[in-house]
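What follows is one structure encoded as structure tokens, with my remarks underneath.
The values are calculated or read from the model by the stated rules, or taken from the named source; none is laboratory data. None of the values given here were measured: they were computed from a predicted structure. Using ideal geometry, Cβ is built from the backbone for each residue, glycine included, and neighbour counts are taken over all protein chains shown.
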Amino acid sequence: MKMQWTSVIMVAGLLLFGATAVTGQEATPDSDQEQLIQAFYSAFEAKDADAVAAMLTEDVTLVMPFTFSGATEPDTRFVGHEQVMRYFGSVFTNFAQIRFVDAEINVSRDGETVFAEATGDFIAAQGDLPYRNVYIIKFQLRNGQIATISEYANPVIYAMTFGAELGTANQ
């Protein structure tokens, strides 16, 4: 249960902020990639599970590489549409507010990789506890859908906010 709540908090950031900038030689401010990510953030912020689900490939993978132990191998990974959407559902349930501010989106030259950075402005559903973290998310796109999400968020901020235990990586 503790790991599930931890995962809920850390991934929440991954998908929720509106873009303010897009760069890349072949990308334009109105690129299909930017529109997809903006629509994804809008749907995630609105907790619209159907809209979010429609933007993901059936074999989507969500990975959170930063760990509470400091290990180099991620311990949080969701594989497949059903697992990812179940996780997103827990995020929607556990946060009364999901919002990202000061967002920036950068589309790669090939248009298949998108990096997004923003500050989360979340409120936990229980206790109205504010949660603010900085997120960098790497999206891999395939055929106009999101195929891979890698969310980088600071586990120390999470631990300080929710009392999670930080430890030493098993060597």
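Some notes on this structure:
- If the condition is being within 25 Å of residue 96 (Cβ to Cβ) and in a loop (DSSP other than H, G, I, E, B), then region 47-65 contributes 47, 48, 55.
- Given (1) farther than 23 Å from residue 50 by Cα; (2) touching a strand residue (DSSP E or B) at 6+ places or on another chain (Cβ under 8 Å); (3) exposed (fewer than 13 other Cβ atoms within 10 Å of the Cβ); (4) not small (Gly, Ala, Ser), index of the condition residue 79 fails: (1)
Residue-wise test of (1) under 14 Å from the mean Cα position of the chain (by Cα); (2) within 24 Å of residue 50 (Cβ to Cβ); (3) surrounded by fewer than 17 Cβ atoms within 10 Å (Cβ to Cβ).
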| site | (1), (2), (3) |
| --- | --- |
| 73 | no, no, yes |
| 97 | no, yes, yes |
| 132 | yes, no, yes |
| 137 | yes, yes, no |
| 140 | yes, yes, yes |
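- Matching entry among 107, 84 (being closer than 22 Å to residue 152 by Cβ and in contact with a Ser or Thr (Cβ under 7 Å, 6 or more places away or on another chain)): 107
- Failed item in (1) in contact (Cβ under 8 Å) with a residue 24 or more places away in the chain; (2) part of a strand (DSSP E or B); (3) buried (at least 17 other Cβ atoms within 10 Å of the Cβ), with residue 117 passing the rest: (1)
- Residue in region 152-166 that is among the aliphatic types (A, V, I, L, M), modelled with pLDDT of 95 or more and either surrounded by 13 or more Cβ atoms within 10 Å (Cβ to Cβ) or assigned to a loop (DSSP other than H, G, I, E, B) (or both) present: no
- Those residues of region 66-103 which are part of a strand (DSSP E or B) and under 18 Å from residue 145 (Cβ atoms), in sequence order: 78, 79
- For residue 42, the stated conditions hold: it is within 16 Å of the chain's Cα centre (by Cα) and either in a helix (DSSP H, G or I) or within 20 Å of residue 163 (Cβ to Cβ) (or both).
- Output for region 112-155, where each listed residue is more than 18 Å from residue 56 (Cβ to Cβ) and β-branched (Val, Ile, Thr): 119, 123, 134, 136
- Considering region 99-122, and only residues there that are among the charged types (D, E, K, R) and in contact with a Leu (Cβ under 7 Å, 6 or more places away or on another chain), the residue that is farthest from residue 49 (Cα to Cα) turns out to be 112.
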